[in-house]
1. Do me a favour and compute the ellipsoid semi-axes for region 1-125 from its Cα gyration tensor, root of five times each eigenvalue, largest one first, whole Å.
2. Project the alpha carbons of the chain onto their principal axes and report the range along each, largest first, in whole Å.
3. Counting other beta carbons within 10 Å of each residue's own, what order do S270, S150, S87 fall into, fewest first?
4. Go ahead and run the numbers for FRET between S98 and Q143, Cβ-Cβ distance against an R0 of 51 Å, rounding to 0.05.
5. Between helix 175-185 and the chain, what is the angle of the helix's C-alpha long axis to the longest principal axis, kept within 0 to 90° and rounded to the nearest 10?
6. Mind pulling the per residue volume of the convex hull built on the Cα atoms of region 183-232? Å³ is fine.
7. How big is region 96-187 in terms of Cα radius of gyration and Dmax, in angstroms?
8. How high is the FRET efficiency from I280 to L17, r the C-beta distance, R0 22 Å, rounded to 0.05?
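What follows draws every value from the coordinates through simple rules; no lab data is involved. Source: prediction; values computed, not measured. So basically every Cβ, Gly included, is an ideal-geometry build from the backbone, and we count neighbours across all protein chains shown.
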Amino acid sequence: MAARLGKEFMATVSLQLIIGGILQGGIYALAAFGLSLIFGVSNILNLAHGEFLMLGAMVSFLVYTGTELSPFVTALGLIPLFFAVGSLFERGLIRPLSGRPDHMRLVASILVTLGASIAIEDFASFAFGPNEKALAYTLPSFQVGPIIVSTIRLAGLAFILVLTLALHTFLKRTYQGRAIVATTQSRRGAMLVGVNIQRVANLSFGIGAILAALAGVFFVIMFPVTPYVGLPLTLKYLCIIVLGGLGSLFGTLLGGLVLGLVEILVAYYSPHWSETSAFIILVLILLIRPQGLFGRFSG
């Protein structure tokens, strides 16, 4: 009897961990989509990308504490706001680098966006305070057999899946989306067929900022957020897009889910190794399959 109960308990815990890992991985993938698009279009490594998630989380926290407005409603309001933020970021900091040779532009973008990341962190610390913020938003859970399912996590996962499908449809069915895809496949080829590269780059930064900010809305529900969380998250996104393959939408989704599951499972058995697991995966994938799981854009 004890052995059977122990097996049932472990099965229940394992399923709960898997559900949590899938949601965490979906949040990672949502923000990593944007970083992958930006790199594919502009060949720019935006080290300030995680700051968009942090800002989205902070804005969602402030709106909820001030008005108790549902984070899902707040998320819709963040779309035009962060599209403007991403667009201005590209115009002000990235576009001035466009005339440089590719290798110089990549190095310069790393230095510029790293400086921007530090500046945004300092601004956020001053504006929001250096303390952790956690959004105490809950919905009633429900039970399926021995498993307790978190409604807020399930709703968050559904929201992320809808956003993923919307992004896929945008990239496949609209002129702007096809221009982004064409540019990620061949920047020179896209220019030859008349694609406005600067406009596409600006659009990709706007979309990237939106995806990161929306991921921040769900991130602050699950985890405490500080103004200094952005850069470590950006490094995780780099792990995800290298794991999935640069430019691959499906690969990024799969990479995010793999990382989320690994982190949750490792944290359950050994919390100290949870944060390190992302970089262990990165080293292994670079040694075994440097092109990632999917070597080209397949979104």
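1. On the way: eigenvalues 287, 90, 30 Å².
Semi-axes, largest first: 38, 21, 12 Å.
2. Sorted largest first, the three principal extents are 71, 47, 36 Å.
3. Numbers: S270 11, S150 19, S87 16.
Least crowded to most crowded, the residues run S270, S87, S150.
4. Values: r = 55 Å, r/R0 = 1.08.
FRET efficiency, S98 to Q143: 0.40.
5. Taking Cα atoms only, the helix is inclined about 90 degrees.
6. Numbers: hull volume 5.1 nm³, N = 50.
Once divided by residue count, the hull of region 183-232 is 102 Å³.
7. Calculated on Cα positions, Rg and Dmax stand at 21.1, 61 Å.
8. Details: r = 19 Å, r/R0 = 0.85.
Once rounded, the FRET efficiency stands at 0.75.
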